[in-house]
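*Asks:* Take this structure first; my questions come after.
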Amino acid sequence: MNILLHICCANCTCYTLKALQEKGMKVTGLWYNPNIHPHTEHQKRLMAMGYYADRMKLPVIYNEEYGLDAWLENVKDKHYPAEQRCCICYRMRIKEAAKTAKEQGFDCFSTTLLYSKKQNSLLIKNICEEMSKEYGVAFYFENFDLGWKEGIGISRDMGLYRQQYCGCIFSEKEKYSVATKKEKKD
């Protein structure tokens, strides 16, 4: 099966790629992450993905455009709680994956977002199923988070850049606000 895999970062790709290849799938990655902030973080993750893809001989379709403006346009002036912002973010990236899979003739698509224990996998699955219907291309579901620890080990062994937050400005704020509060308590 020829699958297009939306990639959020190199770390989340490690186990996901291994699991798909063990099933005999031909995997092509899609890098599309307009949510990542700041630009320097986007570039670090993009470079880590390029390094990983080269080492693994993984073909990747790169949308290298720093799409923060488009992402912000979708969440601006809307005082959404985190889950609704995440839903918008998931939808943007998954829609691009389904659209690209359809346009380029892939048998199906999936996403590394299903690997992270910190993401809402049920919501991601539901959006993938919705986009599958909208674009007429199959969605491949697997509970990739079962390989969470294995994937962390692979990424550490490879020396991949390991980001400290999901990617968006809100997750960055949450990560470092919590860390700052903890430091003040200590």
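*Asks:* Do any residues in the stretch 133-146 that are farther than 16 Å from Ala98 by Cα have Cβ atoms under 7 Å from those of residues that are at pLDDT 95 or above and of a type in the set (Val, Ile, Thr), where the two are at least six apart or on different chains, and which pairs are they?
*Replies:* Phe144/Thr16
*Asks:* Scan the stretch 22-44 for residues that are at pLDDT 90 or above and within 11 Å of the chain's Cα centre (by Cα) and jot them down.
*Replies:* Within the stretch 22-44, Gly29, Leu30, Trp31, Tyr32, Asn33 meet the criteria.
*Asks:* Could I ask something else about it? Every residue in the stretch 19-64 that is touching a residue at least 40 places away in the same chain (Cβ under 8 Å) and of a type in the set (Phe, Trp, Tyr), please.
*Replies:* Across the stretch 19-64, the qualifying residues are Tyr32, Tyr51, Tyr52.
*Asks:* Right, another one. Can you work out which of the residues in the stretch 121-139 that are in contact with a Phe, Trp or Tyr (Cβ under 8 Å, 6 or more places away or on another chain) and not β-branched (Val, Ile, Thr) is surrounded by the most Cβ atoms within 10 Å (Cβ to Cβ)?
*Replies:* Cys128
The values are calculated or read from the model by the stated rules, or taken from the named source; none is laboratory data. Small disclaimer: the values here were computed from a predicted structure and weren't measured. Here the Cβ is made from the backbone with ideal geometry for all residues, glycine too, and neighbour counts use every protein chain on show.
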